[in-house]
C-alpha cells in the first residue's frame, strides 16, 4: 500500500493490519511514558491543508512527531495559491524540497487521487470534498472495535447529513468490508440518491434507526448548507433528527455514540449525549476516545506507508 486515498476497495486484511497497529499505538498513548520507537526519524511530512482543521491537522502533527518525523504546515491562505499557483505546482515544489510524504485536505473530490498520480511520495487523504476521509473512518472503526471487541455483525447507524459527508462514505466502505451492517438515517433531502446501492439500510425515522442499531455515528449538520433548501429550519431538523436523551430514554435503548466533530451542540446532538462518559443513561459518549484514537490511527498509517520495513 503506497497511498491511502480512501477505504473503497481496500481489503479486509489491510484494514485489520492498520487497526492492529493502531491498537498497539493506542496502548502506548495511554501509558504514562508515552514514548515510541522513532521509526520515521529524519523524515519530513508536508501537511497540505486547503481547508480548516483542528483534530485532523493536530493529530497528524502529533503522530508524525511521536514517530520522530518533522512536519511542514501548509495553509492555502498563507501560500502562493492566493497568487494563482495550481495544486500540481504546489505539490511539485514541495517534492523538490525533498518532502517525504503528503497529508492532503482539499475541498475538491478526487484531489487526493490526483496528487497520488503525480508524485512518487506517499499521499494520505485527510478529506477531499464529499469523497472520502479514510483516517477518520479508521479511528471510528477502532473506537467501535475497542468498545465491542469486534466489528463483524455490529449494526452501525450513521445519522445526519449523509449527502455531503466524506466521513459517511469511508465508514460505509470500511465497516462493510469488516462485516458490519450499516444503516443511514436522515431527511430524504440529505440522503444521496440510490444510497441503498451501497448495501446499506435506509431509515427516515430516527426511532426506527435507534431501535435497529448497536451504535450511532452522528454527523455534523453542515450549517453553511442549511439555507440551501435541504431542511426547513435548524429547529425542525433538531426536533426530528437530533440525538437526545429524550429519544433514547423513550426507546430504552443504550447506544455508544460517536461524532467526527466539530459538534453543533443542541442541533444534531444534545449536550448530555455528547458529554456523557458513563451511565446512568441510555448513551455513552465516545468522542474523546475518538480523539485519542485519531492520533494512534494516524501513527499507524504514517508508519505503514513510510517505514518501508
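I need 205, 240 ordered by Cβ neighbour count within 10 Å, fewest first.
Details: 205 11, 240 14.
Taking fewest neighbouring Cβ atoms as first place, the list is 205, 240.
Full-extension gain between residue 31 and residue 202, please, as 0.36 nm times their residue separation minus the C-alpha to C-alpha distance. Walk me through the intermediate numbers first.
On the way: separation 171, 0.36 × 171 = 61.56 nm, distance 4.11 nm.
Using 0.36 nm per residue and subtracting the Cα-Cα distance, I get 57.5 nm.
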Q) Tilt of helix 12-30 relative to the longest C-alpha principal axis of the chain, in degrees (0 to 90, nearest 10)? A) 90 degrees
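Mind pulling up the Rg/Rh value for region 134-290? Radius of gyration and Kirkwood radius, both on Cα. Mind dumping the intermediate values first?
Details: Rg = 14.2 Å, Rh = 15.3 Å.
Taking Rg over the Kirkwood Rh, I get 0.92.
Please arrange 214, 140 by how many other C-beta atoms lie within 10 Å of their C-beta, fewest to most.
On the way: 214 18, 140 28.
Final ranking by Cβ density, sparse to dense: 214, 140.
From Cα pairs below 8 angstrom and at least 6 apart in sequence, can you work out the relative contact order of the chain, rounded to a whole percent? Before the final figure, lay out each step's value.
Numbers: 583 pairs, mean separation 63.3, N = 309.
20 percent.
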Q: Please give the helix 87-96 orientation as an angle from the longest Cα principal axis of the chain, in degrees from 0 to 90, rounded to the nearest 10.
A: 50 degrees
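Among 289, 132, rank each residue by its count of other Cβ atoms within 10 Å, from fewest to most, as a rough exposure measure. All intermediate terms of the calculation are to be shown ahead of the outcome.
On the way: 289 20, 132 28.
Fewest to most other Cβ atoms nearby, the residues stand as 289, 132.
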Q | Sequence-separation-based contact order of region 134-290, relative, with Cα cut under 8 Å and 6+ spacing, percent | A | 22 percent
Q) Pairing the Cα long axis of helix 134-148 with the longest principal axis of the chain, what angle in degrees results, from 0 to 90 and rounded to the nearest 10? A) 50 degrees
(Q) How large is the Kirkwood hydrodynamic radius of region 1-110, counting all unique pairs of alpha carbons, in Å? (A) 15.8 Å
Q | Distance histogram in 10 Å bins (all Cα pairs of the chain, percent per bin) | A | 6, 28, 34, 23, 9, 1
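Bear in mind that the values in this text are calculations on the coordinates, not laboratory data. Remember, predicted model here, so these are calculated numbers, not experimental data. Glycine also receives a Cβ, built like all others from the backbone with ideal geometry; neighbour counts cover every protein chain displayed.
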